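Written out below as structure tokens is the structure these notes cover.
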Amino acid sequence: MEELKKQKLVDFIAKVMEDSGFKVYKDFRTSQHIVDIYGILPTTLGDIGVVVACKNYDENWKVGMDVLKEMEMAAKTLKASKVVIVTTSDFSSQARNYAVKRNMKLIDRNGLIKIAEEFSKKIQVPEEEEEDEYYEEEVEVYGPPSTIFHTGHAGSQRGLLSRRERRQPLTPIIRGLLQNTIILIITVVAVSFLIATILQIAAGLGTSITGIVKIMIAAALSYGIPYLVEEDGAVIMIKGTIVFFSSLLLLVILILI
């Protein structure tokens, strides 16, 4: 009976992902893990992978760190850019803190209920109205950065994968790429190096001043870009710090070369 209930949960989440454009593989096996759902979102810049674990637990049970770390290893094996844990119960405080640091998405009982409510509303919308809504919603692309499903906090939400914050001016594909820490570091180094070089040529800046300009631009981009593509303040600060010091190291190497 327990397995049957879990299968219903897996089937429901898979249906939600398929409705959002994912190619879905249930009970996907790797050499060391079995992933409840492995989703692939095709984009013009390549496929984006998401691994999802579905845990059908009693309401009072809390999902712990072991599940998160297991899924993190599975994501590395599959080179997936996002980890999502869905449960009918709740998560421990340690698991929630770990998820913030690792940019994992946790969907608890309340969030799951919200997704079910939104999905129910969506399938009841007449076809012509649903088509109009499609062009209004803002669908998230997954990169090691953001959320997969809306967790059901107060406020308006459009679509099952829409972002809570409309302040972000970036397209889904660009946002997904910039949520990848490695791509973000490369972007910061390249842009700061390019701008500083242009200023050096145009204004005749000295080598030492140009180096300082590169560092200042890198600092601004390291924290500015995460602010545009992330929702959680803690994630912005952590990722900004990692990107800044990594970019600083690369810029110093480039300057010495």
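Going down the list LYS6/LYS26; LYS105/LYS214; LYS76/LYS114, which pairs span over 23 Å between their C-alpha atoms?
Numbers: LYS6/LYS26 12 Å; LYS105/LYS214 34 Å; LYS76/LYS114 29 Å.
Over 23 Å apart, Cα to Cα: LYS105/LYS214; LYS76/LYS114.
What is the set of long-range amide H partners of PHE91 at a cut-off below 5 Å, with H atoms built 1.01 Å from backbone N?
For PHE91, the qualifying residues are VAL63.
Testing the spin-label approximation: label points 7 Å from Cα along Cα→Cβ at ILE173 and PHE119. State their distance in nm.
Each label point is offset 7 Å from its Cα along the Cβ direction, giving 2.8 nm.
Ignoring ligands, DNA and RNA, what percent of the 1.4 Å accessible area of segment 1-119 is carbon and sulfur? Don't skip to the end; give the middle numbers.
Numbers: 3040 of 6270 Å².
Answer for segment 1-119 is 48 percent, counting heavy atoms of protein chains only.
Once the Cβ-Cβ distance between THR43 and ILE198 is put in as r, and R0 is 22 Å, what FRET efficiency do you end up with, to the nearest 0.05?
Working: r = 31 Å, r/R0 = 1.40.
About 0.10, to the nearest 0.05.
Which order do PHE91, PHE244 take when ranked by solvent-accessible area (1.4 Å probe, heavy atoms of all protein chains), largest first? Walk me through the intermediate numbers first.
Numbers: PHE91 5, PHE244 35 Å².
Solvent-accessible surface, decreasing: PHE244, PHE91.
Apply 1/(1 + (r/R0)^6) to the Cβ-Cβ distance of LEU249 and GLN7, taking R0 = 30 Å, and write down the FRET efficiency to the nearest 0.05.
Working: r = 48 Å, r/R0 = 1.60.
Once rounded, the FRET efficiency stands at 0.05.
For the residue pair SER208 and ARG109, what label-to-label distance in nm results when each label sits 7 Å from Cα along the Cα-to-beta-carbon direction?
It is 6.4 nm.
Accessible surface of ILE186 in the full protein assembly, 1.4 angstrom probe, to the nearest 10 Å²?
ILE186 exposes around 100 Å² with every protein chain in place.
Stretch ASN60-ARG102 to full length: gain in nm at 0.36 nm per residue minus the Cα-Cα span? Spell out each step's value before the answer.
Details: separation 42, 0.36 × 42 = 15.12 nm, distance 2.49 nm.
Between ASN60 and ARG102, full extension yields 12.6 nm more.
Using alpha-carbon pairs under 8 Å, 6+ residues apart, how would you state the relative contact order of segment 1-87 in percent?
Working: 126 pairs, mean separation 21.8, N = 87.
Across segment 1-87, relative contact order equals 25 percent.
Extending each Cα 7 Å along its Cβ direction at ILE242 and GLU18, get the distance between those two points in nm, one decimal.
3.4
The values are calculated or read from the model by the stated rules, or taken from the named source; none is laboratory data. Keep in mind it's a predicted model, so treat the numbers as computed, not measured. Glycine also receives a Cβ, built like all others from the backbone with ideal geometry; neighbour counts cover every protein chain displayed. Only protein heavy atoms, including side chains, enter the accessible area calculation; ligands, DNA and RNA are left aside. Shrake-Rupley method; radii C 1.70, N 1.55, O 1.52, S 1.80 Å.
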